[in-house]
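Okay, so here's the structure we're looking at.
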Amino acid sequence: MKKLFLVDVSSMFFRAFYAIPPLSSPSGMPTNALYGFLSMTIKLLREIKPDYMAFCFDRPEPSFRSQIFPQYKAQRKEMPDDLKPQVPYLRKLTEVLGIPAIDKLGYEADDVIGSLVKWGRNFDLEVVIVSGDKDFAQLVSSFVSMYDTMKNLRYDSQGVVDKWGVTPHQMVDYLSLVGDSSDNIPGVRGVGPKGAIKLLAEFKSLDAIYENIDNISGKALQTKLRENKEMAFKSRELVKIVEDIDLGFRLEDLRLKPVDRAMLRNLLAELGFKKKKKNLFSDEA
């Protein structure tokens, strides 16, 4: 079965920034996130050799989720100063490596990935989501897995159960209960991972939990659920990944293109990676 790799660019880029020690270009621009991101990308290309691949980007504008909940991601701190100048180079790397880049106005990279996952089924592709973000666990199935490049871990359906204690099908409802502090999604205040896992083990879904709320043991827990019912279902709207964006792609559009070696050499020199190219590419890069 041919493979489609979908890269959550923001996740991989930010994780590289915090994982790689400071580096700088000859002009003094910080480059550690770019180096880490490029290293992980080259590892994918060399070791796994995907048949199809896409870099999925977030847009700078707010997504539809901010209309549902204006506080969505409102608590996030401003991007670190050392990371800001590195961002424009992501698109340049995408171009020289011949990897298709995709974004969609009004949506996040998660939604682009979710829609490409569903679209990939039309072509009987095995889909690998390159991210360690728990939100993507809801998309995992018999033909979809997650690959955390930083930890070198793959998550299939059983891997999701082992890691988070619920099935991929239950992941949206799990996050609706526990919330997600990184995105400022409240969930049900007072219900943590253990409580959510227990509720979903017994009742299977968020809808069933509320349909059987009188049968839940513990008056305090019933009260928390009742008081936060509206937010639980609003949280579900926020964490559910969109899977039906019409991106207008043909399968051939996601084939890797030849690396532009001349542009690559120039970009490596500009970023100060030329001496490190043996760590990244073969000697002919």
Counting all Cα-Cα pairs in segment 137-285, those more than 19 Å apart amount in percent to 66
For the chain, which span is the longest to avoid every loop-located (per DSSP) member of chymotrypsin sites (Phe, Trp or Tyr not before Pro) having at most 16 other Cβ atoms inside 10 Å?
144-248
Taking the beta-carbon count within 10 Å as an exposure proxy, list LEU267, LEU105, LEU247 from fewest neighbours to most.
LEU105, LEU247, LEU267
Which length gain, in nm to one decimal place, applies between ASN122 and SER24 when the Cα-Cα distance is subtracted from 0.36 nm times their residue separation?
30.9 nm
Quick one: Karplus J couplings for segment 95-110, per residue in order, coefficients 6.51, -1.76, 1.60, θ = phi - 60°, nearest Hz, x for Gly and Pro?
5, 6, 7, x, 9, x, 10, 9, 8, 8, 4, x, 10, 9, 4, 4
Rounded to the nearest 10 degrees, what's the angle between the helix 261-271 long axis and the longest principal axis of the chain, both from Cα atoms, 0 to 90?
80
Full-stretch length increase - SER205, LEU247 - with 0.36 nm per residue and alpha-carbon distance subtracted:
12.1 nm
Using a cut-off of 10 Å between beta-carbons, work out the net charge of the residues near SER10 (Lys and Arg +1, Asp and Glu -1, SER10 not included).
-4
Across LYS77/LYS134; LYS43/LYS118; LYS43/LYS274; LYS77/LYS204; LYS49/LYS118; LYS73/LYS224, pairs whose alpha-carbon gap is larger than 29 Å
LYS77/LYS204
Between MET150 and THR223, the two model label points (7 Å from Cα along the beta-carbon direction) sit apart by a distance in nm of 3.9
Once you keep just the Cα pairs under 8 angstrom separated by 6 or more residues, what percentage relative contact order results for segment 168-239?
43
For segment 63-183, what is the Kirkwood hydrodynamic radius in Å, using each pair of distinct C-alpha atoms?
16.4
Does anyone have the angle between helix 9-19 and the longest principal axis of the chain? Alpha-carbon axes, 0 to 90°, nearest 10?
80
Tilt, helix 193-203 to longest principal axis of the chain (alpha-carbon atoms), in degrees rounded to tens, equals 60
Of all DSSP beta bridges in the chain, antiparallel share, percent nearest 5
30
Please check the chain for the longest run free of GluC sites (Glu not before Pro) that are loop-located per DSSP (anything but H, G, I, E, B) and have at most 12 other Cβ atoms within 10 Å.
79-283
Computed over the chain: relative contact order in percent, which uses C-alpha pairs under 8 Å that are six or more apart:
23
Residues MET263, MET29, sorted so that the one with the fewest Cβ neighbours within 10 Å comes first:
MET263, MET29
Between ALA201, ALA137, ALA109, where does the largest GNM mean-square fluctuation fall for the chain, given springs only between Cα atoms within less than 10 Å?
ALA201
Ranking MET231, MET53, MET1, MET150 by Cβ neighbours within 10 Å, fewest first, what do you get?
MET1, MET150, MET231, MET53
Farthest toward positive dipole pole in the chain [+1 Lys/Arg, -1 Asp/Glu at C-beta], among PRO60, GLY159, LEU268:
LEU268
Give me the Kirkwood hydrodynamic radius of the chain in Å, from all C-alpha pairs, to one decimal place?
20.4
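No value in this document is a laboratory result; all are computed from the given coordinates. This structure is a prediction, so every number in the text was calculated from the model and none was measured. So basically every Cβ, Gly included, is an ideal-geometry build from the backbone, and we count neighbours across all protein chains shown.
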